[in-house]
Amino acid sequence: MDAPPINEFFPAGAITDSSGSYEIILPPFGNFSQWFIYVIDPLGQYSGYLPQPVQMVTVMSDTTVIDLALQPANFFLRVVVQDYNGNPIMNALDEQAEVEVAVFHPASQSMIYRRTNAGEVVFPALPGENIVEVRTDLFGLYLQPRMPTIATLDMSSSDTTTVVVQLLEVDSWITGHVWVQNMDPAPCIHLFVTHDQLPFVSSVVTDDSGYYAIGVNSQYSGWKLFLDIYTIPPGLIVENDLWVQVVNPGDVNVDFNLVPADSNGPEPGPCPEPWNYPEEYAPKIVGVKDIPNDQGLQVRVVWRPSKVEFGTANCDMAWDIEYGVWRRGPAVPDSGNTPPLGKVKAHSVKSFDEAYQLAKQLGPGSSFRIEGQRYLWDFIVTVPGAHLPLYSYVAPTLYDSTANDPGWSHFRVSVHMDRNNFVIFSKPDSGYSVDNLAPVVQNVQVRLVGSGVQLTWETPNSPDVVAAKIYRSDKKGFDLANATLLGVTADNEFFDPNGSEKYYYRIVVEDDAGNVTATDAVPAKVTGIVSRIGSIPEQYVLEQNYPNPFNPSTRITFGLPEMGRVRLDIFDLMGRHIRTLVDADLTAGMYEIVWDGRDSRGQKVASGIYLYKLQAPDALLQKKMILSK
């Protein structure tokens, strides 16, 4: 089939006969001699062949002979078309629809059109990038993908590669009119809707009365309705905004009014070029603040949007706006007294613009050594533009503020628009994070072991603990100033070889931000474990708890044939740890301990089935018990 001449649209075509011959009669268009010609197989009769790539031909005589060939395919692309929930695409009669799909291969300029059968269609394909697009609007019943689906095939690809194209079902409508001076209808005006979190677009053209009805999906709020400025008649501009955000679609009426250009500002002109005015169009950081009541290492970066996002009168620039959040990293080594980069892998680039282009490929977490910059810069995240008055993102820091070092973290925010392929960076701003939470110390156990006292404790949700100080006194309500400091440890256990049942112990835990938690005094004689007098078992024993079911407490008995480290834990049926009852070095013998039905935080657990597990050097025993309330 022959395509139109350059700069015009006059299609002509023909169907091959049984011998494969065709004849296209061209209209007499004077000097038009260059035409595009391409082959299509709409019925898929030659599913194993690739068509001739699109080519431009010059027709200089009454009859021009052009032979076209179909090439055998070695690769195939299976395209599945479904809705956003994975269901078949349906037509207006509630039957599974045929959907027209096009596959374009940019390298060879090959284009193939086919229709789906039972929701899928198979195309012959070429290695490299293949662009897949849906070409059927299905009577406005579905929103189309905003961007085409890209399928990249290489020589290692399997014979058939599958890609899925999803459409979003329309179940609601935004309606309205486009008027000229609130009086005359404006026909042939193009409108479209998009959504910041959904990759779909819907479009419509006003009829002779200026009326439009554009389909959306009511499950998602925040649709943006745009009026295409390029379809506005010359001399007219939009009276107010070019776009309106529809929060809750469904029977919503939105009108636009066109007025003469001289009644609302200057004549429409070209859009401004923000890349030529970076200071004017750069986003502005207005705050880098600590996140309260956390373990530190994070701040909230707040910035004002770029003017690019909102465009100017009748110049919509707000397509595909993205913001990037960047954090300054360690210094770049250039002398003997400069801190080394350690294991940081940085990519060398010449500018921030080049860093952003590469960051889009590498993704968050990539680091860049930018020419002329004293420090590395880390790419943190991409935030899509949403026409908000302020944006914020909780960004990680490399360290917290301490008494000796404020721990400043420096950030920049970039704005980027794919359509113009430019990026503008804000000026840097800084703040610091603070560890606001003291360590959590729980499940403290003080046990008599042999000739001493074994202390163990847990610090869950406190990964920044740096040290624990152990204090001892023979008085029950002792304060730290009058106690004996036995030692400092970075572990969650401590052994006092001179301890006995007459002593009380307190544990003071400190994190790297200087937050301190001190436990109450715990007597050494209260261990929770009772040693039975009797024979030593020949093997490890874990008896059924008693009573069972129980409420509110139960007794667990276990036996050890030899001395060793023993641990007794409670778990729920999902395998989640509830509490550690025993974690100590015990001599051989029989023991029993009471579980009061509480977790490691002292909270009562819900009724249900629980597991108790005994771990020893040469044994692992487990039983079930039932807490009934």
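Residue count for segment 547-580 under the criterion of being in a loop (DSSP other than H, G, I, E, B) and more than 49 Å from the chain's Cα centre (by Cα): the result is 4. When segment 174-198 is filtered for residues that are surrounded by 15 or more Cβ atoms within 10 Å (Cβ to Cβ) and either assigned by TED's automatic domain parsing to the domain that holds Glu100 or among the β-branched types (Val, Ile, Thr) (or both), the ones remaining, listed by number, are Ile174, Val178, Val180, Ile189, Val193, Thr194.
Residues of segment 410-431 include at least one that is under 30 Å from Ala467 (Cα atoms) and of a type in the set (Gly, Ala, Ser).
Which residues, counting only those in segment 401-450, are among the polar types (S, T, N, Q) and either in a loop (DSSP other than H, G, I, E, B) or at pLDDT 85 or above (or both)? It would help to see each step written out before you state the result.
Initial filter on segment 401-450 (among the polar types (S, T, N, Q)): 401-402, 404, 409, 414, 420-421, 426, 430, 433, 436, 442-443, 445.
If the condition is that a residue be among the polar types (S, T, N, Q) and either in a loop (DSSP other than H, G, I, E, B) or at pLDDT 85 or above (or both), then Ser401, Thr402, Asn404, Ser409, Ser414, Asn420, Asn421, Ser426, Ser430, Ser433, Asn436 are the ones that fit.
With assigned to a helix (DSSP H, G or I), surrounded by 11 or more Cβ atoms within 10 Å (Cβ to Cβ) and either at negative phi or at pLDDT below 85 (or both) as the only criterion, which of Ala386, Ala359 stands out? Of Ala386, Ala359, the one residue that is assigned to a helix (DSSP H, G or I), surrounded by 11 or more Cβ atoms within 10 Å (Cβ to Cβ) and either at negative phi or at pLDDT below 85 (or both) is Ala359.
Given the structure, is Arg114 touching a Ser or Thr at 6+ places or on another chain (Cβ under 8 Å), closer than 30 Å to Glu169 by Cβ and assigned by TED's automatic domain parsing to the domain that holds Gly140? Here the answer is no, as Arg114 does not meet what is asked. Keeping to segment 213-246, report how many residues are modelled with pLDDT of 85 or more and among the charged types (D, E, K, R). Within segment 213-246, residues that are modelled with pLDDT of 85 or more and among the charged types (D, E, K, R) number 1.
Look at segment 582-604: where a residue is closer than 25 Å to Glu562 by Cβ and a partner is of a type in the set (Val, Ile, Thr) and assigned to a loop (DSSP other than H, G, I, E, B), sitting 6+ places away or on another chain with Cβ atoms under 7 Å, you get Ala588/Ile536; Gly589/Ile536.
Here is a yes/no grid of residues against (1) closer than 30 Å to Ser462 by Cβ; (2) modelled with pLDDT under 85:
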residue: Thr517; (1), (2): yes, no
residue: Leu560; (1), (2): no, no
residue: Gly564; (1), (2): yes, no
residue: Thr580; (1), (2): yes, no
residue: Ala584; (1), (2): yes, yes
residue: Met590; (1), (2): no, no
residue: Val605; (1), (2): yes, no
residue: Lys613; (1), (2): yes, no
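Does Trp243 count as out of contact with any helix residue (DSSP H, G or I) (no Cβ under 9 Å at 6 or more places or on another chain) and over 30 Å from Asp94 (Cα atoms)? In short, yes.
Scanning segment 581-629 for residues that are in a strand (DSSP E or B), among the hydrophobic types (A, V, I, L, M, F, W, C) and out of contact with any Pro (no Cβ under 8 Å at 6 or more places or on another chain) yields a count of 14.
Can you tell me which residues in segment 362-381 are of a type outside the set (Phe, Trp, Tyr) and in contact with a Lys or Arg (Cβ under 8 Å, 6 or more places away or on another chain)?
Once the filter is applied, which keeps residues that are of a type outside the set (Phe, Trp, Tyr) and in contact with a Lys or Arg (Cβ under 8 Å, 6 or more places away or on another chain), segment 362-381 yields Ser367, Ile370, Glu371, Leu376, Asp378, Ile380.
For Asn436, indicate whether it is under 28 Å from Asp512 (Cα atoms), out of contact with any strand residue (DSSP E or B) (no Cβ under 9 Å at 6 or more places or on another chain) and of a type in the set (S, T, N, Q). Criteria not met by Asn436.
Listed by first and then second residue, the pairs linking a residue in segment 555-577 that is not assigned by TED's automatic domain parsing to the domain that holds Ser600 and exposed (fewer than 15 other Cβ atoms within 10 Å of the Cβ) to a residue that is outside any strand (DSSP E or B) and at pLDDT 90 or above, with Cβ atoms under 7 Å apart and 6 or more places separating them unless they lie on different chains, form an empty list. The listed residues are Ala213, Ala151, and the only one of them that is part of a strand (DSSP E or B), surrounded by fewer than 19 Cβ atoms within 10 Å (Cβ to Cβ) and either in contact with a helix residue (DSSP H, G or I) (Cβ under 7 Å, 6 or more places away or on another chain) or small (Gly, Ala, Ser) (or both) turns out to be Ala213. Out of (1) in a strand (DSSP E or B); (2) touching a Ser or Thr at 6+ places or on another chain (Cβ under 9 Å), the odd one out for Leu486 is which? For Leu486, the exception is condition (2). Within the set Leu43, Leu50, the sole residue that is modelled with pLDDT under 80, under 39 Å from the mean Cα position of the chain (by Cα) and outside the structural domain of Val132 (by TED's automatic domain parsing) turns out to be Leu50. Candidates are the residues of segment 67-80 that are exposed (fewer than 13 other Cβ atoms within 10 Å of the Cβ) and out of contact with any Gly (no Cβ under 9 Å at 6 or more places or on another chain); the one that is farthest from Val201 (Cα to Cα) is Asp67. Once segment 389-400 is narrowed to residues that are modelled with pLDDT of 85 or more and hydrophobic (A, V, I, L, M, F, W, C), the residue that is farthest from the chain's Cα centre (by Cα) is Leu398. Of the listed requirements (1) under 19 Å from Lys613 (Cβ atoms); (2) touching a strand residue (DSSP E or B) at 6+ places or on another chain (Cβ under 9 Å); (3) modelled with pLDDT under 90; (4) not in a strand (DSSP E or B), Gln544 misses just one: (3). Residues in segment 65-84 that are within 16 Å of Leu141 (Cβ to Cβ) and either without any contact (Cβ under 8 Å) to a residue 24 or more places away in the chain or of a type in the set (D, E, K, R) (or both): Asp83 alone. Scanning segment 81-107 for residues that are surrounded by 15 or more Cβ atoms within 10 Å (Cβ to Cβ) and either among the hydrophobic types (A, V, I, L, M, F, W, C) or within 19 Å of Glu129 (Cα to Cα) (or both) yields a count of 10.
The values are calculated or read from the model by the stated rules, or taken from the named source; none is laboratory data. Small disclaimer: the values here were computed from a predicted structure and weren't measured. As a convention, Cβ positions derive from the backbone with ideal geometry for all residues, glycine included, and neighbour counts pool all protein chains shown.
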